[in-house]
Amino acid sequence: MAECTNPLAKTRFTEMRTAMLLHTPFFASLMLDMLNTKVGKFPGIPTAGTNGKIIWFDQDFLASLDLTEAVFLCCHEISHAMWMHMDRGRKWMDLGLGGQPFNRGLYNVAADYVINDMLVKAQIGRMPKGGLHDQKYDGKML
């Protein structure tokens, strides 16, 4: 976390990890055992992101969230890694889609809907404003 210069983001990050250990131990164990987390400013990451091994949090975005939103965001990124979305996306790119080009953005949006629905139903934190969730997909994504 050496890149972080926002004191509120540092505090929120510590609070988030503590809350996860107490309230979402499954996700906390995945974060602590499998993933490296970084808070700071990273090119191309305005909110948060992961490559399946590292989770990057934009320090200003993290500082803007309340604790429940930060927990949701972290569990969201952990879920991308847990379900191996990056590896699965690469395989789809390699296999092709019946002659259609693979659209990474659309793939990520679809994954976000699935993850957010799971977290909302499980009552894991609170989804930040702007998160992708729609009741019309309820039960139709599995």
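The values are calculated or read from the model by the stated rules, or taken from the named source; none is laboratory data. All values derive from a computational prediction rather than experimental measurement. Backbone-built Cβ (ideal geometry, glycine too); neighbour counts: all protein chains shown. All accessible areas refer to the heavy atoms of the entire protein, side chains included, with ligands and DNA or RNA removed. Shrake-Rupley method; radii C 1.70, N 1.55, O 1.52, S 1.80 Å.
Things to note:
Matching residues to (1) touching a residue at least 60 places away in the same chain (Cβ under 8 Å); (2) open to solvent by less than 40 Å² (accessible area, probe 1.4 Å); (3) over 26 Å from residue 20 (Cβ atoms):
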| position | (1), (2), (3) |
| --- | --- |
| 51 | no, no, no |
| 72 | no, yes, no |
| 101 | no, no, yes |
| 108 | no, no, no |
| 119 | no, yes, no |
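- Residues in region 19-42 that are open to solvent by less than 70 Å² (accessible area, probe 1.4 Å), outside any strand (DSSP E or B), at pLDDT 95 or above and not small (Gly, Ala, Ser): 20, 24, 27.
- Residue that is under 21 Å from residue 38 (Cβ atoms), charged (D, E, K, R) and without any contact (Cβ under 8 Å) to a residue 24 or more places away in the chain, where the choices are 134, 138, 58: 58
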